[in-house]
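The values are calculated or read from the model by the stated rules, or taken from the named source; none is laboratory data. Please read all numbers here as calculations on a predicted model, not as lab measurements. Here the Cβ is made from the backbone with ideal geometry for all residues, glycine too, and neighbour counts use every protein chain on show.
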Amino acid sequence: MKVLFATSEIAPWVKTGGLGDVAAALPAALGDAGQDIRVLVPAYPALRRAFPYAREIAALPSVAPALPPCRLLGVENDGLSFILIDCPPLYDRPGNPYLDAHGLDWEDNGVRFGLLSRVAALLGQAKTPLPWRADVVHGHDWQTALAAAFLRYEGGAASVVTIHNVAFQGCFPAELAVGLGLPPDAWRFDGVEYHGQLSFLKAGLQLADRISTVSPTYAREIQGEDFGYGLAPLLRHRAADLTGILNGIDTALWNPSRDPALKTNYGAARLGSKRANRRALQEELGLAVCEDRPVFAVISRLTHQKGLDLLLTLGAGITHLPAQLAILGTGEKELETGFRALAAEHPGQIAVTIGFDEALSHRIEAGADAFLMPSRFEPCGLNQMYSLAYGTPPIVRATGGLADTVVDVNPDTLAAGSANGFVFQEATPHALWLTLERTVATWRNRRTWHRLQQNGMRRDFSWTQAAKAYLRVYEQACSVRAT
Ligand code: ADP
């Protein structure tokens, strides 16, 4: 099958979150499964620098009033074919792909990602400028969801839209619909219109042949008012076409037996070596080197979504459990300031690193005893899967992908061999506190703890399963399109 994978970010070059990782790993897994995949992404400066030898494969004139002319560049990397959209006025900007130097959305984001969506659709149509035409165009989040609308109104390939986070919907003034070349009859409540605006995501969810999101639980949650961010009625309407597929993790990068960032490598059969990583982490972060209490860890955007205000509320209580706490993250100023102050009050017991540090994140996963993700919502989440792979049982709230990957420890799940962490329901400091107490008690029972670690490390989080599930979605989308 010929699949165009259209994305606004791709790791390791341009990444703001989980989408960047998925865009790097899923096309590779689909390629390994024998599919003909092309990845379409804007030629941001980071990609131009990475691939200076990319060659022009097509020149496109302006195809709609708001869209400037552009060139398509082709390049092969690690067995994958990339198509870069070269349009310097839109994409030749440093840093974050969506925000300017002041942290504000670029004013012309509607045009920037309108062009990306428009070209994605074109590569699945008879008028494709390449000697290649997609059977399926797969868009991700609002930035490429509009491709499904062009394909619906003009004909062409089957379309799939994947939701990585439904909170971001790409809403723009109505005039942009004309500027992007959408037909007048697209301006309907069951077309691209959303409360008087053009919403890229709503349009995609309305008009794609199939929709997916990044975990089965999130697929259910976004159909409810609490998590749907206004799109729940539409998602309920399309429930039969909506599938939740859990992301995989990059098992070459996240493997404790080969990870070059670690003090000592280890595996499920050599868990004793994890202790050397724990000691090294305590030394590196200035935590007291002691073995009488567990080290809890957080690596995260410090935001309300991630529920870290619940942890901050517990404050000094954590040291009385007793436990140590290691935090790595950046985000909302109140949380950064609050955690910094907490660390200053409890030197040796609470360590806070404000910043983004990939290597340290690996050392924390290996050195910590348990990993905290009290998220209010979490479409899929990666760190709980890294934690399971590193023998660091996760403590999570039952939401989205966290609910689909972490199995709470109790006599039944222990007997079944599925228990791998700690799950709580209510997003309250009290519920978190009770779970932390339970975690410390379980940590003291070395046999049970060891079983939790083993159960987590045994699970297969590779992309192979996800790639198979996406292939089924592509096939369904194609059969809808054929009828
Ligand atoms: P989200 O996309 O909502 O931020 P995910 O769990 O899906 O959450 O992905 C976040 C990714 O970013 C993970 O790989 C996580 O380890 C990484 N990450 C987040 N904050 C930091 C940080 N401060 N330093 C290093 N890695 C981080």
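Report yes if Leu60 is closer than 30 Å to Ser479 by Cα and more than 16 Å from the ligand (Cβ to nearest atom), otherwise no. Criteria not met by Leu60. I'm checking my understanding of the structure. Among residues of segment 165-187 that are more than 16 Å from the ligand (Cβ to nearest atom) and closer than 30 Å to Ser215 by Cα, which one is surrounded by the fewest Cβ atoms within 10 Å (Cβ to Cβ)? Within segment 165-187, the match that is surrounded by the fewest Cβ atoms within 10 Å (Cβ to Cβ) is Cys171.
A single entry from Ala174, Ala145, Ala121 fulfils the requirement of being at pLDDT 95 or above, among the small types (Gly, Ala, Ser) and under 22 Å from Leu235 (Cβ atoms): Ala145.
Checking each residue of segment 455-464 against the condition of being without any contact (Cβ under 8 Å) to a residue 24 or more places away in the chain, farther than 30 Å from Ala33 by Cβ and away from the ligand (no atom under 16 Å from the Cβ) gives no match.
For first residues located in segment 357-382 and closer than 15 Å to Thr264 by Cβ and among the aromatic types (Phe, Trp, Tyr), partners that are near the ligand (Cβ under 8 Å from one of its atoms) and part of a helix (DSSP H, G or I) and lie 6+ apart or on another chain with Cβ distances below 6 Å do not occur. Thr213 falls short of the stated requirement of being surrounded by 21 or more Cβ atoms within 10 Å (Cβ to Cβ) and more than 30 Å from Ala359 (Cα to Cα). Against the test of being touching a strand residue (DSSP E or B) at 6+ places or on another chain (Cβ under 7 Å), of a type in the set (D, E, K, R) and either near the ligand (Cβ under 10 Å from one of its atoms) or assigned to a helix (DSSP H, G or I) (or both), the options Arg363, Arg340 yield a single qualifying residue, Arg340.
When segment 249-293 is filtered for residues that are at pLDDT below 95, assigned to a loop (DSSP other than H, G, I, E, B) and touching a Ser or Thr at 6+ places or on another chain (Cβ under 8 Å), the ones remaining, listed by number, are Ile249, Thr251. Please enumerate the residues belonging to segment 383-402 that are within 21 Å of Asp21 (Cβ to Cβ), assigned to a loop (DSSP other than H, G, I, E, B) and aliphatic (A, V, I, L, M). Within segment 383-402, none qualify.
Considering only segment 316-324, I want to know if a residue exists there that is of a type outside the set (Asp, Glu) and in contact with a Cys (Cβ under 9 Å, 6 or more places away or on another chain). Within segment 316-324, one or more residues are of a type outside the set (Asp, Glu) and in contact with a Cys (Cβ under 9 Å, 6 or more places away or on another chain). Only residues that are in contact with a Pro (Cβ under 7 Å, 6 or more places away or on another chain) and either surrounded by 16 or more Cβ atoms within 10 Å (Cβ to Cβ) or at positive phi (or both): list them for segment 266-277, please. Listed by number, the list holds a single entry, Tyr266.
Restricting the first member to segment 318-345 and to residues that are among the charged types (D, E, K, R), and the second to residues that are part of a helix (DSSP H, G or I) and within 13 Å of the ligand (Cβ to nearest atom), no beta-carbon pair is closer than 8 Å while six or more apart or on different chains.
Of the residues making up segment 407-423, none is within 16 Å of the ligand (Cβ to nearest atom), surrounded by fewer than 20 Cβ atoms within 10 Å (Cβ to Cβ) and either under 25 Å from the mean Cα position of the chain (by Cα) or not charged (D, E, K, R) (or both). State whether the residues of segment 286-301 include one that is surrounded by fewer than 16 Cβ atoms within 10 Å (Cβ to Cβ), under 24 Å from Glu336 (Cβ atoms), touching a residue at least 60 places away in the same chain (Cβ under 8 Å) and of a type in the set (A, V, I, L, M, F, W, C). Within segment 286-301, one or more residues are surrounded by fewer than 16 Cβ atoms within 10 Å (Cβ to Cβ), under 24 Å from Glu336 (Cβ atoms), touching a residue at least 60 places away in the same chain (Cβ under 8 Å) and of a type in the set (A, V, I, L, M, F, W, C).
Conditions tested, residue by residue: (1) in a helix (DSSP H, G or I); (2) away from the ligand (no atom under 13 Å from the Cβ); (3) crowded, with 21+ Cβ neighbours inside 10 Å; (4) not hydrophobic (A, V, I, L, M, F, W, C).
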{"position": "Gly348", "(1), (2), (3), (4)": "no, yes, no, yes"}
{"position": "Ala351", "(1), (2), (3), (4)": "no, yes, yes, no"}
{"position": "Phe371", "(1), (2), (3), (4)": "no, no, yes, no"}
{"position": "Glu378", "(1), (2), (3), (4)": "no, no, yes, yes"}
{"position": "Gly381", "(1), (2), (3), (4)": "no, no, yes, yes"}
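Take Gln223 and tell me if it is touching a residue at least 24 places away in the same chain (Cβ under 8 Å), surrounded by fewer than 23 Cβ atoms within 10 Å (Cβ to Cβ) and not acidic (Asp, Glu). Taking the combined requirement at face value, the residue does not satisfy it.
Summed over segment 303-314, residues that are surrounded by 24 or more Cβ atoms within 10 Å (Cβ to Cβ) and within 9 Å of Gly331 (Cβ to Cβ) total 2. Note on segment 277-333: residues that are of a type in the set (Gly, Ala, Ser), in contact with a His (Cβ under 8 Å, 6 or more places away or on another chain) and farther than 20 Å from Thr428 by Cβ total 0.
Listed here are the residues, each with its yes/no results for (1) in a strand (DSSP E or B); (2) in contact with a Pro (Cβ under 7 Å, 6 or more places away or on another chain); (3) modelled with pLDDT under 95.
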| residue | (1), (2), (3) |
| --- | --- |
| Ala415 | no, no, no |
| Val423 | yes, no, no |
| Thr442 | no, no, no |
| Tyr474 | no, no, no |
| Arg481 | no, no, yes |
